[in-house]
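Input: a single structure, listed below in structure tokens.
The values are calculated or read from the model by the stated rules, or taken from the named source; none is laboratory data. Please read all numbers here as calculations on a predicted model, not as lab measurements. As a convention, Cβ positions derive from the backbone with ideal geometry for all residues, glycine included, and neighbour counts pool all protein chains shown. Protein only, heavy atoms only, side chains kept; ligands, DNA and RNA dropped before computing areas. Shrake-Rupley method; radii C 1.70, N 1.55, O 1.52, S 1.80 Å.
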Amino acid sequence: YVVVYDATDFVRASLNEIYVTFGFTFLIVVAVTFLFLQEWRATLIPSLAIPVSLIATFAVLYVSGFSANTITLLALVLAIGLVVDDAILVVENVQRIMEEEGIDAPQAAAKAMRQITSPIISTTLVLLAVFVPTAFLPGIDGQLYRQFAITLSASMVLSSVVALTLSPALCALLLKSPERKRSGPLGLFTRGLDRTRDAYGSIVARFIAVKFLTIAGIGAAFVGAWFAFAALPSTFLPDEDQGAIFID
């Protein structure tokens, strides 16, 4: 027999791109987390959130009856950059409380989760409000992008579960009292970050005092998004579609 068409070649190439993207994302997460927190223990915790969330997402895909295709792989590429956000938020808040209040890691983790549990859940729900409606599109569009929506939504929910369970547990076990460097390149970055944070807080306070500017900014963002949505080109199928036609 002769194989005249093998779609798995393209899927295999897409998987290779996933591996490359995963590697770059992992390195970026490690670099950025270490730059801001300057602690290798804190860097390890968000790094572990990536494989845990993605492996669990593959489990959801398996139960849902979906395969590794162009749509699900595209969703996973986007998910790789999203699943670490909540874990980084947990680590940063625990580290901040330990630095400012001088308490140990278990106490800091408990206090940090009392502060950020509701924000983690609410931001996850906001993201789900963006992606879940895609699963209810009718017709062929709905069949194509239902897998995209379920993959991305599952990864968001699972990353939140990891942030609410695994990440604070790892913080309580691994984190030590922080000693942020005040000299050298890292110390220079820390001082610049502190000044930027103070300036940002001052600007936000002024905007809150003048509500008209805030409302005008939100209105301008909505108008800009509408014009962008109307002007950007659209397509029925992703550019990665091979467009094969079979004739018997």
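Over the residues of region 44-187, compute the C-alpha Rg and express it relative to 2.2 N^0.38 Å. Each step should come with its number before you reach the end.
Numbers: Rg = 17.8 Å, N = 144, 2.2 N^0.38 = 14.5 Å.
Output field value: 1.23.
With a Förster radius of 25 Å, plug the Cβ-Cβ distance of Thr117 and Arg206 into 1/(1 + (r/R0)^6) and report the FRET value to the nearest 0.05.
Details: r = 30 Å, r/R0 = 1.19.
For Thr117 and Arg206, the calculated efficiency is 0.25.
Pairing the Cα long axis of helix 40-64 with the longest principal axis of the chain, what angle in degrees results, from 0 to 90 and rounded to the nearest 10?
For helix 40-64, the angle is close to 30 degrees.
Say the dipole of region 73-209 comes from +1 at the beta carbon of Lys and Arg and -1 at that of Asp and Glu; which of Ala205, Val90, Pro119 then lies farthest toward its positive end?
Of the options given, the answer is Ala205.
May I ask you to evaluate 6.51 cos²θ - 1.76 cosθ + 1.60, the Karplus curve with θ = phi - 60°, for each residue of region 155-161 and list the ³J(HN,Hα) values in order in whole Hz, giving x for glycine and proline?
5, 5, 5, 5, 5, 5, 4
If the chain were replaced by its equivalent ellipsoid, with semi-axes equal to the square roots of 5 times the Cα gyration tensor eigenvalues, what would those be, largest first, whole Å? Provide the component values of the computation, followed by the final result.
On the way: eigenvalues 298, 125, 61 Å².
Result for the chain: semi-axes of 39, 25, 17 Å.
List the extent of the Cα atoms of region 133-217 along each of their three principal axes, largest first, rounded to whole Å.
If we take the Cα atoms of region 133-217, the spans are 59, 46, 23 Å.
For the chain, set up a GNM with springs between Cα atoms under 10 Å and report which of Thr72, Thr214, Thr117 has the largest fluctuation.
Thr214
Measuring with a 1.4 Å probe in the full set of protein chains, what accessible area per residue, in whole Å², belongs to region 79-186? It would help to have the intermediate numbers written out before the result.
Values: 5320 Å² over 108 residues.
Here the per-residue accessible area is 49 Å².
Evaluate the charge dipole of the chain about its Cα centre and quote only its size in Debye, nearest 20, assuming +1 on the Cβ of each Lys and Arg and -1 on the Cβ of each Asp and Glu. Spell out each step's value before the answer.
On the way: 15 positive and 19 negative charges, 224 e Å.
In debye, rounded to 20, the chain gives about 1080.
Helix-only estimate, please: 222 nm mean residue ellipticity of the chain, summing -39500 (n - 2.57) across DSSP H runs of length 4 or more and dividing by its residues, to the nearest 500. Each step should come with its number before you reach the end.
Values: 9 runs with 194 residues, N = 248.
When only DSSP H runs of four or more count, the value is -27000 deg cm²/dmol.
First select every other residue whose beta carbon is under 14 angstrom from the beta carbon of Val157; then total the charges, Lys and Arg +1, Asp and Glu -1.
On the way: positive: none; negative: Asp85, Asp86.
With Lys, Arg at +1 and Asp, Glu at -1, the neighbours total -2.
Debye calculation, C-alpha points only, no solvent: report log10 I(q)/I(0) for region 36-111 at q = 0.12, 0.16, 0.25 Å⁻¹, in the same order as the q values.
Calculated log10 I(q)/I(0) at the listed q: -0.46, -0.67, -1.11.
What translational diffusion coefficient, to the nearest whole µm²/s, does region 1-59 have by Stokes-Einstein, given a Kirkwood radius computed over alpha-carbon pairs, a temperature of 4 °C and 1.567 mPa s viscosity?
Calculated translational D: 94 µm²/s.
Extension gain Asp198-Glu17, at 0.36 nm per residue separation less the Cα-Cα distance, in nm?
Details: separation 181, 0.36 × 181 = 65.16 nm, distance 4.03 nm.
Full extension of this stretch gives 61.1 nm more.
Rounded to the nearest 0.05, what FRET efficiency is calculated for Tyr5 and Ala221 with R0 set to 45 Å and r the Cβ-Cβ distance?
Numbers: r = 46 Å, r/R0 = 1.03.
Result of the calculation: an efficiency of 0.45.
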